[in-house]
Structure formats: C-alpha cells, structure tokens
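The values are calculated or read from the model by the stated rules, or taken from the named source; none is laboratory data. Just so we're clear, the structure is a prediction, and the values are computed from it rather than from any experiment. Cβ coordinates were reconstructed from backbone atoms using ideal geometry, including for glycine residues, and neighbour counts include every protein chain displayed.
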C-alpha cells in the first residue's frame, strides 16, 4: 500500500504539530516494513530522518515556505490531483483538516478543537479557517485520530461524529529526552542561553492559551514572600499576542528574575529540561501536552494545570493544581521546591510515566489505522 502524508506545515522553527509530524515520519521509517510512503513538504522543510529508507519518498512541492494562504489553496486544489497521479491509497492529514475534494481515503489527526471550544485564545484567521473546514473534514474523513480522550470527547460532541469513527492515539516523547546529558553538553547549553544556576522552566510558544501571565504572577507572589530563589526561564518563540507576557513581567517588576530564551533548538531541549529544578505548564487548554512529558522523561518534576488533556497525559506522575489561578500555582510550585521527597517522587514517577509514550508505538498504531482504512472497499 502507498501512503501519503501531508507535511506542508513543516518549516525551520518547528513546534507543536510540526514536531509531531517529524517524529511520526521518523518513527514510521523504523517500524513499518510493509508499506510505501510519499511525504509532501514545502521548500525549506529540512531533513525528515527517513531519506535513506527506500520505501520513503520526500516530494518537495512549489508551495512557498511562509505563505499560509497558498499552502491551504495547494492542499485543497492541487493535492487531490497529486494523490491520483502518485497512486496513493491512503492520505494522512496530520494538521486538523483535509483536502475536501480528495477521493483518496483520508485519515485526519485533530490534536484539539481549541478553535471551537476557546476561539478567544486563537487568531481570528485560524478560528475562521477551522470553523469553516473542521465539520466538513469530520464528515469526509475515513477516520479521525485524536491525541487524547479529552479531545475525542470534544470531537464527538462538537462535530457530531460517531465515537467509533474517532480513535485515540497518544503522541510520543523523543528518545533523546530519556538519555542523560553530559556535563560538557549541559555547560554548552547553559552558556548559549545564559541560564542561571537554579531555575523554573516553561517550554512552549508564547501565546494566550499558555497562560503565562498567571505563571509570572505566581513567581512574583513567591518572590514577594521570600519563598523562591529561582529564576523563571521561558523558552519558546513569540506567538500571537505575546506582548501581554512581557507586560506581566514589567507589572510584577520581575525583569531581573525572568529570562526569555526565545526559540530553543530541539537538540538543546534535553539539556535544558535536565538542568531545571521544576517544569511548569499552566496552559488553559491543550489537546495533549508534549512538553510536560518531555520534562518527565528528563527526570524533572512537573506541575501542570487542570486542563483535561494535561491531567490525562500527566496522570499521577505530575502535580496537577486547581483552580488555575496564580495563588494556587504559587502553592504548587512552593510545595514541590520545598519538599525533597516530593521532588524525587515526582521525578521517578515521571520517568516511568513517560516510558509509556514512545513515538514507535504511536507509529505502529497509525500503521494499523492506515491499513484498516486502505482495505475498505
């Protein structure tokens, strides 16, 4: 069987869905010895880790690297024809929507429905795009893949989809996060990002749904009470409405205790996690939440908000605080940092928990879905 993956989202500074696509393709090249794959990318996507596999063919399209509108037009108007000419049996659309005119059976991954459940936390253009296409995609898709049970529940209730059409396939954690980082490598990363000796870490895009002003306020509360000596380190590229985060830092007079690293290369992340004393993820909503699991794999204790998908993926291996307020988050941070036994307990439970989320297993489950869809008459 010949399977195509629409990987046009990939660029040079990947995060979120893009990172998931890269890991999935690399894992598929390891675990699937039966099927052939055609991976459609745009210019400047870089290597995918599958190029040496003879069953994988990476096709670079003429879609410009940064023009989103042209990418969407290509996916809707050109991709259906390419699927026919390339003899594709199954298409995987890993970015929420599919080409509606495609006659090829299509598997669609919907990581979340935040554009429908929390449109105020999304760009207006994103919300409009998905509001237009998500329902139609749900009806046309042969199978929908959700990253969590929480997302599946949203898909079933919001899009009116039969629950049997939606399959939950958890995402994975890269192998590099499970491996101890050498002292030399840590020192190199520490110098590159000018990291302090003791810090609390957040990793993710700087955007409203990440709820970073609450994290800033919680750190300010602890600093004001003399209960925290750590620096807050925020690693991630600037996204939509990121200015509110910097305003929160200025209001809290936390400039000397907050370090913004901007985008951190994937190769540097394991060292960053392993040097942190605590990882905090205060998001208002998520479809899964990979960074907390990366921190767990790295042996760093984790505090997450009570957003359903985060509580689901963290399980009992992370400290889940509720309600999602600065006061409660401050209590959770202090609870972990002031209790050596709790830190060790969370670190050990986190490593065990993260072992359940490997990209190879995600890939195996996706192969079973591709094959079941491709075998339909």
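Inspect the range 167-174 for any residue being modelled with pLDDT of 95 or more and in a helix (DSSP H, G or I) and give the result as yes or no. No: zero hits.
Just one residue in the set 158, 131 is surrounded by fewer than 15 Cβ atoms within 10 Å (Cβ to Cβ), within 28 Å of residue 238 (Cα to Cα), without any contact (Cβ under 8 Å) to a residue 60 or more places away in the chain and in contact with a helix residue (DSSP H, G or I) (Cβ under 7 Å, 6 or more places away or on another chain); that residue is 131. Based on what the data block shows, is residue 222 at pLDDT 95 or above, in a strand (DSSP E or B) and assigned by TED's automatic domain parsing to the domain that holds residue 331? No; evaluated as a whole, the condition is false for this residue. Listed by position, the helices (runs of 4 or more DSSP H) inside the range 47-134 whose residues that are outside the structural domain of residue 207 (by TED's automatic domain parsing) and under 26 Å from residue 369 (Cβ atoms) number at least 3 are 79-85, 114-117.
Scanning for something closer than 25 Å to residue 268 by Cα and part of a helix (DSSP H, G or I), does the range 141-152 turn up at least one residue?
no
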